[in-house]
1. Counting only helical runs of four or more DSSP H residues, what would the 222 nm mean residue ellipticity of the chain come to if each run contributes -39,500 (n - 2.57) and the total is spread over all its residues?
2. Over all alpha-carbon pairs of the range 136-212, lay out the pair-distance distribution in 10 Å bins, whole %, shortest bin first.
3. For the chain, what is the relative contact order in percent, using Cα pairs closer than 8 Å and at least 6 residues apart in sequence?
4. Please state, to two decimals, what the Cα-based radius of gyration of the range 48-180 comes to when divided by 2.2 N^0.38 Å (N = residues).
5. Holding the Cα-Cα limit at 20 Å, pick out from 218/260; 68/218; 54/148 the pairs that are longer than that.
6. Write down the Kirkwood hydrodynamic radius of the chain, to one decimal in angstroms, obtained as one divided by the mean of 1/r over all alpha carbon pairs.
Amino acid sequence: MEEVPHDCPGADSAQAGRGASCQGCPNQRLCASGAGAAADPAIEEIKEKMKTVKHKILVLSGKGGVGKSTFSAHLAHGLAEDENTQVALLDIDICGPSIPKIMGLEGEQVHQSGSGWSPVFLEDNLGVMSVGFLLSSPDDAVIWRGPKKNGMIKQFLRDVDWGEVDYLIVDTPPGTSDEHLSVVQYLAAAHIDGAVIITTPQEVSLQDVRKEISFCHKVKLPIIGVVENMSGFICPKCQKESQIFPPTTGGAEAMCQDLKIPLLGKVPLDPRIGKSCDKGQSFLVEAPDSPATVAYRSIIQRIQEFCSQRLPEGENLVGS
């Protein structure tokens with residue numbers, strides 16, 4: 001289908017092809033015929049592919065720059081420290097893929113095998129896939145409209161040969177756009193354990209997180225909990241804590257209490273986190289005694305506990 005109007009009622013709506021907003025849309029005749037409402041066959045193909053993946057976790061953020069990809073990477077690092085746990089990290093931030101840099105995999109290439117695309121392995125039990133591996137240079141801009149992004153996400157979910165995986169972590173772009181709808185719809189039948197939402201303490205970030213929480217409720221995506229990133233700075237010399245981003249409205253803790261959402265933890269600022277990411281190394285290994293590492297490990301444990309309590313068949317998501 002071609003690009004749709006902003007207020008499109010949706011191909012599966014009773015108003016599809018008949019509503020006022022449909023006038024002049026290049027897909028109007030297709031939607032009115034009912035053909036546009038047909039289920040994408042890729043959903044069943046992806047469901048079959050995902051039978052070898054036990055747990056699927058989406059990492060979301062309302063606003064960019066709050067440390068979502070950094071958290072996704074360290075969640076993968078932390079889970080993979082148990083060599084008996086198979087971990088996969090999928091970067092669907094199509095226009096801003098930072099996972100190859102953070103994981104120290106810049107310049108790596110994706111290889112095709114008889115069973116699909118082979119992920120790039122950082123360790124024997126940690127595989128990574130990103131559109132960044134498909135670019136000739138990390139400076140290349142990806143200038144794609146929604147349908148092409150959706151096609152790439154479909155291909156990642158359907159064609160990557162992850163093998164037997166305990167945890168699939170999906171690093172998403174900020175906001176609630178095409179990529180988020182696509183990954184939820186494509187994984188609907190395969191059962192997503194839930195979403196981890198990343199924020200910083202200040203209200204300008206929390207405002208967008210509330211939208212993200214609303215998105216999760218609308219598409220019936222379980223929320224594992226919220227992580228408050230950059231939550232204060234603990235001086236390495238005097239151990240005194242300073243609020244670099246003051247929680248003017250009570251921070252994530254107050255928001256989670258209001259919305260009855262679990263707060264998984266607070267990760268304090270540590271300049272070594274940024275340095276580790278730039279070097280492509282695990283901060284958990286580089287700074288094992290940092291308060292931020294302690295916070296990361298506690299949060300990772302809570303996510304594992306949540307996943308272990310999830311039933312094999314979860315509630316229906318949008319599109320299922």
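1. -10500 deg cm²/dmol
2. With a bin width of 10 Å, the distribution comes to 13, 41, 33, 12, 0.
3. Relative contact order, the chain: 21 percent.
4. Ratio of Rg to 2.2 N^0.38 Å for the range 48-180: 0.98.
5. 68/218; 54/148
6. After inverting the mean inverse Cα-Cα distance, the result is 20.5 Å.
Taken together, the values in this text are just the output of simple stated rules run on the coordinates, not laboratory data. If you're wondering where the values come from, they're calculated on a predicted model, not measured in any experiment.
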